[in-house]
Structures are given as C-alpha cells and as structure tokens.
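Working notes, beginning with the structure itself.
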Amino acid sequence: MVLFTKVTGLILIFLGGLGYYLYETRTVLIPIILGSLILILGLVADNLNRKRMAIHIAVMLTVVGLVVCWSGIKELPLLLSCGGILTCDAVNRPVAVLFRSTMFIVLFPYFIASIIFFIKARMSK
C-alpha cells in the first residue's frame, strides 16, 4: 500500500506538470499539490510507527480529491463528444474538466485498493 501511495502521488505530480506544460494554466497545478501531499505521506508511511496514520491521511485526501473531481467525470462524456478539447463549447472550462476527470481516474483505483487493504488489515486482527 505504501508503494501504491507513492506511485499515485508521482502520477498526479506528472499529470499536473504535463498539464501546465501543455496548457499553461495554473488550474492544472492542483494535481501537483495533491500528488505532493500524497507522495509525502507515502514517504512518511515508510516509518512503521507512522504508517497507519500516514496511509489514513492519504486516503482522506483521496476521498476529498474524488469528491472535488466528481463534477469533471460527469462532464467527461460531453467533452469527449466534441471535436477538440480546447474548442469544445459544450462544457465550461474544458481543460479543467479534462484534468478533473483524469485526477478522478488516477485516484479511484487507489481508493478501492485502500478499502481492500483496510478490510484485510481488520480481518487479520
């Protein structure tokens, strides 16, 4: 779970960096902030005494990220039905919708894996 936490953080950092490079808007830097926090918590989780706390906080941040990104995933089919992302008039702020959706797609598997991890940890006690 610690490795998955670190990888999720790195993917979000890469996503934000790529978004800023391609679209030059500060809004796409939000994945960098969330990814940095998750990566730092993954590094803190390497310490066995702090593992439980760090993973729980990372999952809490993931839940917040999923809630915030839900609106983007709802508008994704409408965005994909347009010819081009930047020229899409069907949605407000198409780049934001694209990156919220991508963040949701990155965070959701981590959330599911963490639920499975917590259930297995509880069952083993």
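Among the conditions (1) modelled with pLDDT under 95; (2) within 25 Å of Leu3 (Cβ to Cβ), Phe111 misses just one, which is (1). Selection of the range 100-115 for residues being more than 14 Å from Leu76 (Cβ to Cβ), surrounded by fewer than 20 Cβ atoms within 10 Å (Cβ to Cβ) and of a type in the set (Phe, Trp, Tyr) yields only Phe111.
Between Gly72, Gly42, the distinction of being assigned to a helix (DSSP H, G or I), at pLDDT below 90 and at negative phi belongs to Gly72 only.
Is it the case that Pro31 is in a helix (DSSP H, G or I) and modelled with pLDDT of 90 or more? Spelling it out, Pro31 is indeed in a helix (DSSP H, G or I) and modelled with pLDDT of 90 or more. Scanning the range 1-26 for residues that are hydroxyl-bearing (Ser, Thr, Tyr), in a helix (DSSP H, G or I) and more than 14 Å from the chain's Cα centre (by Cα) returns Tyr20, Tyr21, Tyr23. In the condition set (1) under 21 Å from Leu15 (Cβ atoms); (2) of a type in the set (S, T, N, Q); (3) without any contact (Cβ under 8 Å) to a residue 12 or more places away in the chain, Ser124 is compliant with all but (1).
The values are calculated or read from the model by the stated rules, or taken from the named source; none is laboratory data. As the structure is a prediction and not an experimental result, all values here were calculated from the model. For neighbour counting, all protein chains shown are included, and Cβ atoms are generated from backbone atoms with ideal geometry for every residue, glycine included.
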